[in-house]
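> Can you keep this structure in mind? I'll have questions shortly.
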Amino acid sequence: MSKYLISFPSAAMRVGEDELAAVGDAARAVVREAKDAGVWVFGGGIDESVPPVLVDREGRVTDGTYPQTTRIEGGYAVIEVPTREAAVCWAARLADACRCAQELRVFGDDPDS
């Protein structure tokens, strides 16, 4: 079994205010189905009102982030499924619910798990 990250940036979801409740309901329905199927690991959205910080190895906190990751926002889900095809199916279901394409990435296997 492999873990997959399914995500989208906030700007990709272009729905009107009148559609937000329906999109939220549809996305939560897919999440419930993934949980019922036993493939859900974790998910959520980035709180864009809280700016990122960098924490170094001594625990010092600096405002900001790496230049290449200044725009990490939106929604994220991690699932664990036996095949890439299964991951594509779940990503398609989330794309339909959120009304925008989803990015799919596979995590490297954890040798200790």
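Any read-out appearing in this document is the output of simple, stated calculations on the displayed coordinates, not a laboratory observation. All values reported here derive from a predicted model rather than from experimental measurement. We place every Cβ from the backbone using ideal geometry, glycine too, and count neighbours over all the protein chains shown.
> Using the Cα centre as the reference, give the magnitude of the dipole from point charges on the C-beta atoms of the stretch 2-106 (Lys, Arg: +1; Asp, Glu: -1; all else neutral), rounded to the nearest 20 debye.
Charge dipole of the stretch 2-106: 360 debye, to the nearest 20.
> What is the set of long-range amide H partners of VAL41 at a cut-off below 5 Å, with H atoms built 1.01 Å from backbone N?
Under 5 Å from the amide H of VAL41 lie the amide H atoms of VAL78, ILE79, GLU80, each far enough along the sequence or on another chain.
> Let me ask you something else. Output the Kirkwood hydrodynamic radius of the chain, Cα pairs only, in Å rounded to one decimal.
Evaluated on the chain, it is 15.6 Å.
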